[in-house]
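The values are calculated or read from the model by the stated rules, or taken from the named source; none is laboratory data. Here the structure is a predicted model, which means the values were calculated and not measured. Here the Cβ positions follow ideal geometry from the backbone for every residue, glycine too, while neighbour counts run over all protein chains shown. Note: accessible area is taken over every heavy atom of the protein model, side chains too, but ligands, DNA and RNA are not part of it. Shrake-Rupley method; radii C 1.70, N 1.55, O 1.52, S 1.80 Å.
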Amino acid sequence: MTGEPRSADGCTEHGTTPQLRASDRDRDQVVEILQVAAGDGRLTAAELDERLDAALSARTIDDLAGLTADLPSEGMPPQARELVRIDQRFGDVARTGRWLVPRRMEIRLMFCEAKLDFTDAVITHSTLHIDVDLRIGGNLTLVTRPGIEVDTDDLVRSSGEIKIRPVSGPDTPVTLRVQLAGQSRGGDIVARPRRRTFSQWLRRSTPRGIGR
């Protein structure tokens, strides 16, 4: 809440999770809903002006949700599922592109690989809890982006490797904290940024001045 002291990780002293900050896109979606509602006669001109002012100055997703709670939800940011389960033996499974990140995941793998690519994922909350059970040959790869942190402190490992490659600088705000728990009994866990394409690698590798 506004005015509560916060610790270095962004949580309040009472241990509550901080509310997710609203983006310009989130505000624009709510403005559109309000304008459509006014056009349908659901809001008066005065109510529309009041809510538009509040939407444009909203700081969190919860602030925006209160402005449209009594209106149809078309155009609102999608609501994340509470739990998604992945139970896979043999073959591979992946979440890529614009997939909606749930609040919790349970992942059971054996002789296969699961990849969660957060590069273009839709994130509507600040924490993702993943309970894993990785058996022989069950590998989990997390493709992260700046602002995403991966925490493996609650993970029990009897075999397999854990490689966490940070992609954010010390001044980058955390938009999603991925908390891994459970056990790894033969699988590997890798968290890394998205690999560069050949053209990106070539531009990065070409010395300045060449080709000018």
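If I filter the stretch 42-75 down to residues being part of a helix (DSSP H, G or I) and touching a residue at least 40 places away in the same chain (Cβ under 8 Å), which single residue comes out as most open to solvent (accessible area, probe 1.4 Å)?
Among residues in the stretch 42-75 that are part of a helix (DSSP H, G or I) and touching a residue at least 40 places away in the same chain (Cβ under 8 Å), the one most open to solvent (accessible area, probe 1.4 Å) is Asp62.
I'm checking my understanding of the structure. Among residues of the stretch 91-107 that are open to solvent by 70 Å² or more (accessible area, probe 1.4 Å) and either under 18 Å from Ala191 (Cβ atoms) or over 10 Å from the mean Cα position of the chain (by Cα) (or both), which one is modelled with the lowest pLDDT?
Looking at the filtered set, the residue picked out is Arg98.
Among the residues of the stretch 132-139, is any among the acidic types (Asp, Glu) and open to solvent by 40 Å² or more (accessible area, probe 1.4 Å)?
Checking the stretch 132-139: not a single residue is among the acidic types (Asp, Glu) and open to solvent by 40 Å² or more (accessible area, probe 1.4 Å).
I need a count of the residues in the stretch 21-35 that are open to solvent by 70 Å² or more (accessible area, probe 1.4 Å) and either closer than 22 Å to Val122 by Cβ or at pLDDT 85 or above (or both).
Result for the stretch 21-35: 5.
Filter the stretch 77-135 down to the residues that are polar (S, T, N, Q) and in a strand (DSSP E or B) and list them by number.
Gln88, Thr127
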